[in-house]
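Have a look at the structure below before the remarks.
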Amino acid sequence: STPKEKHEYQSDVARLRRIVINSLYSHRDVFLRELISNANDALEKLRITALTDKSLLQAGEPLNITIKLLPSPAGTGEAGRVVITDTGVGMTPEELTQNLGTLAKSGTSDFLVQAEGASTSQQGNLIGQFGLGFYSSFLVADHVYVASVPAARPEGGEREQWVFASGAEDQSFEVYPDPRGRTLEHGTEITLVVRDDAKEFVDPKKVKELVEKHSSFSTTYPIYLYTLITEEVPDEEASSVPIAESLEHEAPSASPKSEADEDSEAAIVEDLPEESEDTAPVTPPLPPMKNVTREVYEQLNDQPPIWVCDAKTVSDEEYNEFYKSTFKDSHDPLAHLHFAGDSGSTVSFKSLLYIPSELPPDFWSSQMSRVNGVRLMVKRVFITNDLGDDALPKWISWLRAIVDADDLPLNVSREQLQSTKFLAQIKSILVKRAISLLQKLANAPPSINEETGEEEGGAKYKEVWKAIGSAIKMGAMEGSAGQKNKLGSLTRWATNTREFVGLDDYVSNRKKGQKQIFYLAGVGQRAEDLAKSVFIEKLHARGYEVLLLTEPMDEILLNSFQRWGGLTFQDVAKKGLKYGDEDLDAEADKTEQATLAVRFAPLLGWLKQEYKGTVMDVVISNRLVTSPCAIVADQYGYSANMERLMAAQQR
Ligand code: ADP
Ligand code: MG
């Protein structure tokens, strides 16, 4: 036979495997989710390529995943074997080497950098975020064998079954023709030789529980569990003669028999001699038992996918688990919305939306978000997560969604979908629904959940705002006219008197006669510090609320609204500030101002002369309470904040 090819692992792989094997004990059950997800991917690839290359898949060929649990005899040092087989695309020998022996995934090197400096528990969280894919096998297995046959026939050649083999401690792996010959039609069979300390994973109960929790909702193909069940049953051959004989002497009994016993013992009872009147009833001895091993197959994911279920029957935990396994996030989402609709062009669909607990890591760095958060299905079968030109707008690219259209042909291509306007309609429906979900959360009255003691309602929106607030601001800046107002209403601000204030709330909380929305911008500063600014002293003393802007885009955003609730926006560090309660003490103020004007005229003249060319004007201020002076920007000029921003950009 062909000699085994021996390959050294790349240094990255060696590093990764070290982390996996040494420090992730408490997260080792991820191996099953990762291997099932790979099997699902392989089936998906085969189904999709077979749409155009019919030779890959014969009609009626099954697409499925099988998990076999094989206990090992005691004393072998191994707990047993877990064998995961899929009937997917499979791999050529070159692909076995390339895909399993090198780190092709771009995310994995990021993982390495972060994981090597992290504590064990942090590494665990990282695993959840990155997923370790195939290497997680070594969390539970000393040796791993991957046998595979590609679905595609090589040009002019026959397909062979090859094996990738590696031990957890090995610095190298081997690739060789399978000595068992060809056992697979096409697809991949992964055999894990499970370590003794991981024997729970050979237990069908544990495996079922894991599949149900992590994989059943996100795996579109049937997953079968194959187990060998060994039971003790009465050994009839061994029992019939001796028992009957013994009973002759110790005559029995109208001893009570359960119904279940009746069949198996019927034969024995017939052989008995008639009871004699004078013998006392005795319980017959137990029949000898023997072990019988049966094969049991069962489908683990036989329930319909979560998004076609009635929302009333799905628990929050199930929604969350589905989210985490489908969108590969280790954190629960903040909220979800499950709805049915139709696209307006009579395509009806079901959809499930999620708000994640944080923005995708590349949200701000990538031009167009590369994250494809919308998974489009037709009749429960995955079609694409690349909506091309109809992808969600950048500001809402954090949204995670499943859309399952009921009445489109299964082999529909994305190009066809685009031409029917279906995708464009879906996009606008998703954006609308997401906005109304945000509105619902924002307007929910704050409340405490009696059972958990956790804050809900309005408090939830604080979390949402913390996670995606800056993206909502971006949407308010760039969105269409209709969206602009809705998203503007969803923005929240710190003020000198409160922490979490919406613009509508600000307007209804205004003082009598107030015609301006006051704000003070200080990019990168803390709201608490801004609140102590000299520009706010007098407003604060008079009981006005001032929005405190700390993010670069805040000031531009507010000015892009022009007005809110009939009020204009006023930078309190600029000229043009009007108090609404002017009328109340206007007289007193005017007299005082006149007196001050006369008294300080010489000082003003001197200052103007001294700072000629540096300042435009020197005036007596009515905005200060305790501070002696303030430098303000002209009403029509840039604020100091804007100047700082522009200077930063020119650098
Ligand atoms: P990822 O799935 O993120 O690409 P993995 O480490 O899980 O990373 O898998 C690495 C690669 O190995 C996959 O991209 C795929 O090409 C290949 N692979 C793994 N499992 C299978 C399988 N069951 N069938 C076919 N190819 C597979
Ligand atoms: Mg994978």
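Readers should treat all values here as calculations from the given coordinates under stated rules, not as data from a laboratory. Predicted model only: the values in this text are computed from it and were never measured. Neighbour counts are summed over all protein chains in view; Cβ atoms, including those assigned to glycine, are modelled from backbone coordinates with ideal geometry.
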Determine the distance separating the Cα centre of region 379-435 from the Cα centre of region 173-240; give it in Å without decimals.
-> 37
Going highest first, how would you order 86-97, 479-490, 312-323 by mean Cβ packing within 10 Å?
-> 86-97, 479-490, 312-323
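Beta carbons within 10 angstrom, averaged per residue: use that to sort the peptides 389-397, 288-296, 546-554, 357-365, highest first.
Numbers: 389-397: 18.6, 288-296: 10.9, 546-554: 20.6, 357-365: 13.9.
Most protected by this proxy first, the peptides run 546-554, 389-397, 357-365, 288-296.
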Given Lys350/Lys427; Lys350/Lys462; Lys45/Lys427, which pairs have Cα atoms separated by over 22 Å?
-> Lys350/Lys462; Lys45/Lys427
Residue by residue, what Karplus-based ³J(HN,Hα) values in Hz, rounded to whole numbers, does region 569-578 have, using 6.51, -1.76 and 1.60 with θ = phi - 60° and x for Gly and Pro?
-> 8, 10, 6, 6, 8, 10, 5, x, 5, 10
Residue by residue, what Karplus-based ³J(HN,Hα) values in Hz, rounded to whole numbers, does region 221-235 have, using 6.51, -1.76 and 1.60 with θ = phi - 60° and x for Gly and Pro?
-> 9, x, 10, 9, 9, 10, 10, 9, 10, 9, 10, 8, 10, x, 8
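Kindly give Rg over Rh for region 279-403, based on alpha-carbon atoms, with the Kirkwood expression for the hydrodynamic radius. Please list the in-between numbers first.
Values: Rg = 24.2 Å, Rh = 18.1 Å.
Ratio value, two decimals: 1.34.
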If the label point is 7 Å along Cα→Cβ of Val615, which residues in region 552-579 have backbone nitrogen under 19 Å from it?
-> 572-577
Under-5 Å amide H pairs with Thr102, H placed in peptide plane, nonlocal only | none
Linear extension gain, Glu185 paired with Val523, 0.36 nm per residue minus alpha-carbon span = 115.4 nm
Specify the inter-centroid distance of region 541-583 and region 39-67, based on alpha-carbon positions, in whole Å.
-> 61
Report ³J(HN,Hα) in whole Hz for each residue of region 284-296, in order, from the Karplus equation J = 6.51 cos²θ - 1.76 cosθ + 1.60 where θ = phi - 60°; Gly and Pro get x.
-> x, x, 5, x, x, 10, 9, 8, 10, 9, 10, 8, 10
